[in-house]
1. Do you know which residues across segment 379-389 are surrounded by fewer than 19 Cβ atoms within 10 Å (Cβ to Cβ) and either of a type in the set (Val, Ile, Thr) or within 13 Å of the chain's Cα centre (by Cα) (or both)?
2. Give the residues of segment 450-465 that are within 18 Å of Val426 (Cα to Cα) and either in contact with a Gly (Cβ under 9 Å, 6 or more places away or on another chain) or β-branched (Val, Ile, Thr) (or both), sorted by residue number.
3. I need the full set of residues from segment 417-446 which are of a type outside the set (A, V, I, L, M, F, W, C), part of a loop (DSSP other than H, G, I, E, B) and open to solvent by 40 Å² or more (accessible area, probe 1.4 Å), in order please.
4. Quick test for you: out of Pro333, Pro339, Pro294, pick the one residue that is within 30 Å of Ala375 (Cα to Cα), of a type outside the set (A, V, I, L, M) and open to solvent by less than 20 Å² (accessible area, probe 1.4 Å).
5. Checking the condition more than 11 Å from the chain's Cα centre (by Cα) and touching a residue at least 60 places away in the same chain (Cβ under 8 Å), which residue from Thr376, Thr318, Thr323 passes?
6. What are the residues in segment 399-411 that are of a type outside the set (S, T, N, Q) and either under 13 Å from the mean Cα position of the chain (by Cα) or surrounded by fewer than 18 Cβ atoms within 10 Å (Cβ to Cβ) (or both), if any?
7. Can you find, within segment 57-80, the residue that is modelled with the lowest pLDDT among those that are closer than 15 Å to Ala115 by Cα and not in a strand (DSSP E or B)?
8. Inside segment 591-617, can you point out the residues that are open to solvent by less than 60 Å² (accessible area, probe 1.4 Å), over 24 Å from Lys679 (Cα atoms) and either not acidic (Asp, Glu) or not in a strand (DSSP E or B) (or both)?
Amino acid sequence: MWRRRLQIAIAVFVVVFAAVVVLSLRRGRVEQAPAPAGRQDPNSVVEAQGGATYERSEKGKTKFAIKFGRQLTYQNGRTRLLDGVSLTLPDRQGRTVDIRSNEATLLQPPDRDLARAEFAGSVVMTTSDGVRVSAAHASYDDKKTLVTIPGRVTFSKGRTKGSGVGATYDTAANVLHVRKQVEIDVAPGDEGGEALHATAGEAILARDDHRVRLEQQPRIDAGTRTIEADTTTIHLSEDDQRIERAELRGHSRITGKAADAPSMHARDIDLVYAPDGRTLHTAALVEDASVDLPAEGGSGRRVAGRTIDITMGADGSTVTALTAKGAVQVDLPAAADAPARRIRSQTLVASGQENGGLDNATFTGGVTFNESRPATKKAAAVERTARSESLVVRTAPGFGDVQQATFRGSVHFTNGETAADAPVAVYDVAADRIDLQPAQKGERGMGPHVTDGRVVVDARTIRLGLGSDTLNAETSVRSLLQPASEKTAKGSAARDDVKVPAMLKKDRPVNVTSRALTYDSGAGRAVYTGGARLWQDETTITADTIEIDDRTGNLTGDGHVTTVTLLVDTDDKSGEKKNVRTVATADHLLYEDEIRRATYTTKAHANGPQGDITADRIELYLTASGDELERAEADGSVVAREDTRRVYGTHMTYIGATEKYTMVGAPVKAYDDEAPNCKLTVGATLTFYRSVDRIDAVGNELYPTQTTPIACGTERKS
């Protein structure tokens with residue numbers, strides 16, 4: 001019986017072996033050592049040991065090749081390959097893929113089409129272009145040309161190493177897809193540079209496209225910056241050794257970790273690297289974009305907009321150019337004594353130096369510039385706003401402290417109670433002043449114009465001191481002094497401590513024109529020079545220079561002074577009060593409001609209710625109402641002319657209530673031209689009345705009283 005069984009077993013083995021040989025000759029070639037005696041798996045149909053290689057060709061090209069040390073074939077065609085299994089998939093887009101493992105399981109013998117293979121034990125997949133993938137288990141689907149790794153996987157190529165859980169590799173498309181818990185490390189190159197560490201929930205390495213796609217909250221730590229987004233796609237050079245560009249999509253942000261590295265935020269960010277593959281060259285930020293620029297002391301300077309494009313210097317950290325569009329906002333934090341600043345516009349174009357970074361910026365479209373600082377023990381609060389069509393800002397290097405800001409087109413500026421308008425305004429930050437200028441290149445807007453709730457000034461150019469509350473205007477100056485009881489056009493109340501000279505009405509505006517104006521709002525002092533002219537209704541003051549002090553109500557005129565005022569006078573016959581035009585001239589005028597005295601000196605002349613008076617010095621004292629003459633005093637070469645009377649002396653006093661003149665001299669001479677009784681009266685003191693044709697003379701030892709008839713028209717002498 002045992003001989004018969006042995007004969008049957010040998011016959012079966014011969015038949016199977018013959019079949020294998022025949023199929024091998026028809027479909028491929030097998031090199032296999034004879035199987036040793038003894039069965040290791042009782043369920044196997046065929047067991048072969050000693051190592052073998054199987055190659056499958058199609059149309060003259062090798063389709064795949066399998067090497068193994070042992071083979072176990074089962075009744076259903078399943079085949080186990082053991083001891084150093086190697087599957088080689090050549091000619092894949094000019095690339096060879098090799099999979100090695102301790103063992104492999106095929107759905108059918110290798111002499112048939114390679115449908116599916118399961119690999120286990122130290123699985124290593126390598127490609128001819130240097131990719132190495134390691135895992136404990138893997139499977140290969142020939143129809144899908146897909147290697148699937150269910151568990152922990154590591155991969156590497158050159159300086160790049162990574163790991164994850166679960167992966168697939170498309171051998172035809174050359175795409176490695178790591179499904180979970182991805183970590184990637186890139187070592188510095190031979191030329192140095194930064195190491196890179198990346199994590200993600202998922203990674204796709206498209207080898208032919210030289211592209212790495214990281215998904216599910218990827219994070220890349222690259223030396224001076226951290227990169228995060230919903231999805232990050234990295235495009236590599238042809239040799240996969242350098243990063244050429246990166247695309248961040250969804251909740252994208254780049255955080256600068258070094259002191260000189262900017263941080264960026266946007267929905268999407270595109271990065272372009274320099275040829276070295278390490279240095280960031282440009283960044284394009286799209287939707288809700290912002291860039292935080294580094295600054296000394298750690299206080300960042302933020303630029304925000306719908307889109308932002310930036311260019312880096314050679315160091316990859318210094319921003320040398322920046323363009324922002326759509327709802328642009330720049331925030332410059334407070335530093336030292338400088339207030340915080342915020343600039344809004346539709347567009348921003350900034351540029352700078354290779355080493356220093358941004359140092360100038362141009363804003364266009366609905367520009368708003370704001371400065372604010374709370375009050376401190378050393379400094380007052382600051383709240384300033386400027387609006388214009390465009391703005392050019394010059395800063396310290398690195399978009400540092402603002403040094404100068406030039407506003408163009410329909411400029412409107414506010415500083416507390418002060419408001420200013422001009423076609424062009426230049427803000428000198430160090431000098432803390434703003435220069436209002438006329439249109440230079442067709443800019444729109446009203447000419448330079450300033451109001452502080454009390455004074456309104458228009459001129460060709462105006463220099464406004466902000467912290468000092470001073471104003472200097474040049475050429476075609478026109479000023480309007482607002483009544484203290486009114487409100488300005490901006491809605492802020494006029495100062496309640498303003499005093500208007502009593503010779504002017506308090507409820508009416510006062511106009512002043514001149515070639516130049518210096519105004520100190522804090523001191524309440526305005527000086528108009530060069531053909532100055534002040535008027536209110538029928539009251540007019542002209543002089544080379546007019547100075548107004550609205551703290552005291554005093555007024556000063558210098559050079560070619562002329563005043564025209566209306567003073568109330570009582571008619572001699574009817575007793576009716578009427579306004580009488582009073583004109584006074586001199587080289588100098590000083591009006592002192594506290595005592596309501598107007599003093600004219602040097603070639604002084606006044607003609608009004610007091611009569612016509614010429615003297616070296618004339619003082620007119622007004623009543624409390626400011627519209628009536630209380631008295632007049634004249635000194636030095638006094639001449640009083642009243643109807644047909646001429647009186648010469650050295651000092652004169654006129655009392656308005658009694659219309660009484662008192663003149664003293666050495667001596668006093670009074671000429672009466674009342675024909676036919678013309679006469680000359682001489683004395684030490686003469687008293688006469690405007691409405692009474694009578695002179696009372698008082699003499700002394702030197703100048704006795706005497707009255708002498710004279711021919712009418714006799715020459716008058718002092």
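1. Across segment 379-389, the qualifying residue is only Thr385.
2. Correct list: Val450, Thr451, Val457, Asp458, Ala459, Arg460, Thr461, Ile462.
3. Glu417, Asp432, Gln440, Lys441, Gly442, Arg444, Gly445
4. Only one candidate qualifies: Pro339.
5. When all the criteria are applied, what remains is Thr318.
6. Within segment 399-411, Phe399, Gly400, Asp401, Val402, Ala405, Phe407 qualify.
7. Per the stated criteria, the residue is Gly77.
8. Tyr591, Asp593, Arg597, Ala598, Thr599, Tyr600, Thr601, Ala604, His605, Ala606, Gly608, Pro609
The values are calculated or read from the model by the stated rules, or taken from the named source; none is laboratory data. Note that the structure is predicted; figures quoted are calculated from it, not measured. Quick reminder, even Gly has a Cβ in these numbers, built from the backbone with ideal geometry, and neighbours come from all protein chains shown. Protein only, heavy atoms only, side chains kept; ligands, DNA and RNA dropped before computing areas. Shrake-Rupley method; radii C 1.70, N 1.55, O 1.52, S 1.80 Å.
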